[in-house]
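Right, one structure below, let's go through it.
The values are calculated or read from the model by the stated rules, or taken from the named source; none is laboratory data. Since we're looking at a predicted model, the values are computed, not measured. Please note: Cβ atoms are built from the backbone with ideal geometry, for glycine as well, and neighbour counts cover all protein chains shown.
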């Protein structure tokens with residue numbers, strides 16, 4: 001009977017150890033660093049004066065997707081004949097990349113819709129606006145500012 005108790009004890013102890021290691025691994029994965037920005041957080045600032053898109057390429061009242069030199073996705077919206085606004089293209093819900101569709105920015109993952117000119121949420125599940133990227137118009141180009 002002693003061998004049987006020892007065997008059960010060994011099995012239970014080993015099982016508890018394995019479970020503890022699994023929980024620890026999950027906790028480390030959840031807390032681990034990752035280079036992608038978290039949804040709803042601001043990205044690192046893009047250097048001022050960086051060209052994003054030609055002003056003429058963005059219709060008034062609509063938006064165009066662009067890439068910043070650091071590789072981040074941005075949305076440039078033309079708010080008037082001579083003015084633009086820009087936003088991070090990262091959805092504040094779960095980090096997918098939104099895309100321009102007329103006067104809206106649409107997230108293909110869960111259906112959030114943002115106003116292309118303001119970055120404000122029109123329809124969730126996202127509940128925070130897109131992060132603003134400062135821009136200005138110089139020599140017919142939209143540049144970071």
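General observations
- Test: residue in region 126-140 that is in contact with a helix residue (DSSP H, G or I) (Cβ under 7 Å, 6 or more places away or on another chain), closer than 25 Å to residue 48 by Cα and assigned to a strand (DSSP E or B): yes
- Within region 35-56, tally of residues that are modelled with pLDDT of 55 or more and touching a strand residue (DSSP E or B) at 6+ places or on another chain (Cβ under 6 Å): 9
- Some residue of region 103-124 being surrounded by 15 or more Cβ atoms within 10 Å (Cβ to Cβ) and within 20 Å of residue 50 (Cα to Cα): no
- Test: residue in region 88-104 that is closer than 15 Å to residue 141 by Cβ and in a strand (DSSP E or B): no
- Lone unmet requirement of (1) in a loop (DSSP other than H, G, I, E, B); (2) touching a helix residue (DSSP H, G or I) at 6+ places or on another chain (Cβ under 8 Å) for residue 119: (2)
- Single residue of region 68-87 satisfying the filter (under 14 Å from the mean Cα position of the chain (by Cα) and part of a strand (DSSP E or B)) that is nearest to residue 104 (Cα to Cα): 75
- Checking each residue in region 55-83 for being surrounded by 14 or more Cβ atoms within 10 Å (Cβ to Cβ), more than 16 Å from residue 131 (Cβ to Cβ) and in contact (Cβ under 8 Å) with a residue 40 or more places away in the chain picks out 55, 58, 62, 83.
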